[in-house]
Each structure stands twice: as C-alpha cells, then as structure tokens.
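Single-structure report; data block below.
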Amino acid sequence: MFNKIALAVVATAIVAGCSPKNFESDPVTVDTPQGPVVCQLYTRGLGDWDRSISHPDGMSVKAADQICIAEGQRQLKG
C-alpha cells in the first residue's frame, strides 16, 4: 500500500514539473494582413506548445496557432 502512495506522489510531482507554464515567454504580437495575432511562445525547442492567445475575428484558432508555430520557428532560427 505504501508503495502505491509513494508512486502516486512521485508521478504527480513529475507531471507538475512538466507544465508548459514553467516555460512561457512574454506574449509576442505578429502582424498579419488580417490583423494582429498574439502568441504565447515557449522555451526554444518546445515549438509544439506555441499557440495563439488572441487573433482577429475572421481568423480561425487553427490558422492563428500555425502563425504562432511559424513565429516560434523563426525566432529559433534567429
């Protein structure tokens, strides 16, 4: 029984340490022809987490997220 509790505590601690919140940069605004997209980028090399936090009304979330992923890649390349 003790082993199960200890394992659960360790697993919770590991998952908590992997939160994207720990790797966030300041929001970045990318100007597009449809209007500004505000992106939440993450530590270099974690581009899979890059996402939009604000986008123009006429733009889908998916399109805005793709812009943010591209911006994260652009910044990664320098």
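Read-outs throughout are calculated quantities, based only on the coordinates presented, and are distinct from any laboratory measurement. Quantities reported herein were computed from a predicted structural model and do not represent experimental measurements. Because the Cβ atoms are built from the backbone with ideal geometry, glycine has one as well, and the counts that use them run over all protein chains shown.
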Among 35-43, 56-64, 69-77, the order from most to least packed when residues are scored by Cβ within 10 Å on average: 35-43, 69-77, 56-64
Dipole of region 21-77, positive end: most advanced residue of 35, 76, 66 [Cβ charges, Cα centre]: 76
Cβ-based net charge around residue 52, under 11 Å, with every Lys or Arg adding one and every Asp or Glu removing one: -1
Nitroxide proxy distance, nm - points 7 Å out along Cα→Cβ at residue 30 and residue 63: 1.3
Per-selection metrics, region 21-77 (Cα): Rg and Dmax in Å: 10.5, 32
